[in-house]
Amino acid sequence: MFHMKNNPSALFKKIKNLSFIALLFLMVNCADQKPPLPETKEVSLKESFADNFLIGAAVNDALISLKDSLGANLIKKEYNTITPENSMKWMYMEPQQGVFEFETADRYIDFSTKNNIAFIGHNLVWHSQLAEWVEKITSAEELNASLKNHVQTIAARYTGKIHGWDVVNEALNEDGTLRNSLFLEKLGPDYLVNSFKWAEEADPKAELYYNDYNMTHVEKRKGAIELVKMLQKEGVKIDGIGMQAHWGLEDPTLEQIETSILAYADLGIKVMMTELDITVLPNPWDLEGAEVSQNFEGSEQMNPYSDQLPDSVATQLAKRYKDIFELFVKHSDKISRVTFWGINDGHSWLNNWPIEKRTNYPLLFDRSYQPKAAYHSVLEIKQDSTH
Ligand code: XIL
């Protein structure tokens, strides 16, 4: 047997064992103390604009059927309000007369309630995506009764759980006159007053809105203002006006947007951007707005960025988003919500409207849910203002 003093290799082994034990000790004790996170200047959209307005997105059913966990996580992180893109429209909610399908809407409401997200019901009365049976009704009495039943049944079911309802969607023509929908034709302008009245009776706490596109156009704006004044004169509750905000890189101008925000706010109601997206694709028919029934044949020329968006256009989009958000912030005492019509570019309706199967880039997140330059440029506004 050798004495350690005389055996350097045994001494070395002992030291090695001791340092191993010390290392283990350190690892166990430091496990809870996470290294500090790298400093990041960016916070989420909803946090950045918390003092200004709610920030939302339109969502589709993949979100609540758990088929889109990336989307669901992004919603929880970035947004504090959602609007279902399609599934609460008449054709889905009451596909047969008096037969209501609540399952999907119930799941949206559950998701929102659990995650403390303000839920916007879209919509109660609209001439598009209407159920076929409604279009076949010939008598005014029957149509009136069906409208009343539709509005009251749905609004009553979600009493207390809905932040706001798009009660009536797109009731105006471009010249500001009332659109000759089935409802106007058979029931006259009373259908507008009654729809708001029935919605209020069924859910007195929900905010009630009128929602439309091209709300920056002079004639249409006049029409919308008249419509709101008419409702106010009739003594029915209307809390806000929704500017859908399906816009382009240059149209409408910031000035037109600002004039409109001010004009609607003058009515004493809230102003909302309810379906914001910015198309980057050509539009040779000078088509503006969002008339969903207009659809055209495509061509390669009409789909110039099918592989990827050139940097120059991405930068232009980022600048456009920054400009309009600066304007929104300037008027945030009047604007209560800004909702994007979708989360990621790949799911945007603008890939299929007004021309089918194109590749558009209208939102803040790309097809893999990665934030785009436009996302960063919007957040920069708040960083700039705090530095
Ligand atoms: C669109 C949806 O995004 C599409 O998926 C659907 O095919 C047609 O409707 N104005 C509105 C929205 O109020 O409901 C529309 O949504 C877009 C225009």
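Read the figures in this text as sums done on the coordinates, not as results from a lab. This is a predicted model, so every value here is computed, not measured. Virtual Cβ from ideal backbone geometry, glycine too; neighbours counted across all protein chains shown.
A few comments on the model shown:
- Straight-line cross-link partners of residue 136 among the aspartates and glutamates, defined as a Cα under 14 Å from its Cα and at least 8 positions apart when in the same chain: 185.
- Reachable aspartates and glutamates, given that their alpha-carbon falls under 12 Å from the alpha-carbon of residue 237 and they are not under 8 places away in the same chain: 200, 201, 203, 207
- A DSSP coil position with no more than 14 other Cβ atoms inside 10 Å describes the following trypsin sites (Lys or Arg not before Pro) in segment 341-386: 357, 367.
- Helical mean residue ellipticity (222 nm; -39500 (n - 2.57) per DSSP H run of 4+; nearest 500) of the chain: -12500 deg cm²/dmol
- Once backbone amide H atoms are built at 1.01 Å from N, residue 58 has 83, 340, 341, 342 as its partners under 5 Å, excluding neighbours fewer than 5 places away on the same chain.
- Residue 96 versus residue 159: modelled label distance in nm, points set 7 Å from Cα along the beta carbon direction: 2.8 nm
- Of all DSSP bridge pairs formed entirely within the chain, close to 10 percent run antiparallel.
- Ranked by how many other beta carbons lie within 10 Å on average, peptides 162-171, 51-60 from highest: 162-171, 51-60
- When each of 222/330; 357/382; 67/334; 76/222; 89/229 is checked by Cα-Cα distance, pairs over 31 Å: 357/382; 67/334; 76/222
- If you sort the three axes of the alpha carbon gyration tensor as a ≥ b ≥ c, you get a/c of 1.5 or more for segment 137-212 and a/b no higher than b/c, which makes it oblate.
- Of the trypsin sites (Lys or Arg not before Pro) found in segment 47-153, those that fall in a DSSP loop while having at most 13 other beta-carbon atoms within 10 Å are 67, 136.
- Comparing 72, 202, 62 in a Gaussian network model of the chain, where Cα atoms under 10 Å apart are tied by springs, the biggest mean-square fluctuation is seen for 62.
- Tensor-based shape of segment 317-387 (alpha-carbon gyration tensor, a/c under 1.5 rounded, otherwise prolate or oblate): prolate
- Were the residues from residue 283 through residue 251 laid out at 0.36 nm apart, the gain over their Cα-Cα distance would be 10.4 nm.
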